[in-house]
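Working notes, structure below.
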Amino acid sequence: MDSTKTRLAAQKVQLEAELERMAAPPDETSNIAFGKRVGEGTSMAVDRLVQVKAYDQLRALLTDVTRALEKLDEGSYGRCDRCGTAIPPERLEILPWAAICFRCAAQR
């Protein structure tokens, strides 16, 4: 369990750093106008929408990693938060932050 905790803690630090980087104001400031034609402004807007989606996904992953660390501390790591059954070790090897079993995840 120590290696799992170390792995999760490292993942948490990495996610927090990436989220902080993404939340920082953009370096470039411009007076780009949006009009009818596709141009740099439209491209920047599309890029920003993609970044917002990625940010949301990283926040969700950070929540899962934090929950897994809590479960390790409380002694419930490896048990499904929904049904209480054991989460297969193979699933935890691939997704050490998994808090629900495969069956419950499929019902989401």
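The values are calculated or read from the model by the stated rules, or taken from the named source; none is laboratory data. Owing to the predicted nature of the structure, the values given are computational and were not obtained by experimental measurement. Note that each Cβ is placed from the backbone with ideal geometry, even for glycine, and that neighbours are counted across all protein chains shown.
General remarks:
- In region 49-108, the residue that is nearest to residue 1 (Cα to Cα) out of those that are among the aromatic types (Phe, Trp, Tyr) and under 17 Å from the mean Cα position of the chain (by Cα) is 97.
- Candidates in region 18-43 are the residues that are at pLDDT 70 or above, more than 18 Å from residue 97 (Cβ to Cβ) and hydrophobic (A, V, I, L, M, F, W, C); of these, the one that is surrounded by the most Cβ atoms within 10 Å (Cβ to Cβ) is 22.
- Output for region 54-102, where each listed residue is in a helix (DSSP H, G or I) and free of Cβ contacts under 8 Å to residues at least 12 places away in the same chain: 56, 57, 60, 63, 70, 73, 74, 89, 90, 91, 93, 94
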